[in-house]
1. Test residue 144 against the criterion of being over 17 Å from the mean Cα position of the chain (by Cα) and in contact (Cβ under 8 Å) with a residue 24 or more places away in the chain, and give yes or no.
2. Across region 48-97, which residue is modelled with the highest pLDDT among those that are more than 16 Å from residue 156 (Cβ to Cβ) and outside any helix (DSSP H, G or I)?
């Protein structure tokens with residue numbers, strides 16, 4: 001029987017993280033696109049009429065169905081990245097990294113539940129929800145996504161980029177991209193439509209890089225103090 005040592009394990013976990021990150025990025029991007037196209041925002045959202053369209057309702061249901069799986073793959077991504085960092089982890093940064101990831105998933109689930117509540121407000125099913133209920137559910141869903149989930153995604157991105165920079169496991173361009181993504185999520189996502197797509201895009205780029213290079217850590221990684 002062939003044994004697997006710590007070095008072999010360190011080479012295997014980034015590939016698992018890469019696969020989980022790619023699946024998460026694709027699922028989250030699909031869910032955001034479906035919600036954005038199906039639940040209007042701004043001037044076109046002042047009335048609930050038109051949401052009885054079967055295609056729109058089916059798109060929202062599909063987005064809601066994708067969110068739990070996106071959360072599962074994201075947690076797997078977080079877990080294997082922490083496992084890869086291992087003894088070299090900075091306890092402060094990894095605590096922020098883990099906490100922001102968990103809050104991000106919880107907020108994303110809450111946003112999906114709010115979007116699902118919009119579907120359930122028509123009585124009988126398929127009719128327009130009342131305008132106050134429609135506006136409440138729509139604003140809650142978008143506030144949770146753009147105002148809270150994306151802020152936690154920014155903290156997650158920043159902490160992971162700092163960890164990767166300190167350990168030297170990512171190229172400089174990728175850490176710079178992570179910091180730019182952080183700034184976008186912190187200051188732009190709540191005001192610019194589709195800006196939240198930068199988070200799944202960053203996850204996709206990061207995960208693809210890990211998959212291509214095998215995620216091999218730099219030799220003699222410094223231990224965190």
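The values are calculated or read from the model by the stated rules, or taken from the named source; none is laboratory data. In this text the structure is predicted, and so the values were computed from the model without any measurement. All Cβ positions, glycine included, derive from the backbone under ideal geometry; neighbour counts span all protein chains shown.
1. Values: over 17 Å from the mean Cα position of the chain (by Cα): no; in contact (Cβ under 8 Å) with a residue 24 or more places away in the chain: yes.
It is false that residue 144 is over 17 Å from the mean Cα position of the chain (by Cα) and in contact (Cβ under 8 Å) with a residue 24 or more places away in the chain.
2. Filtering first and then ranking leaves 53.
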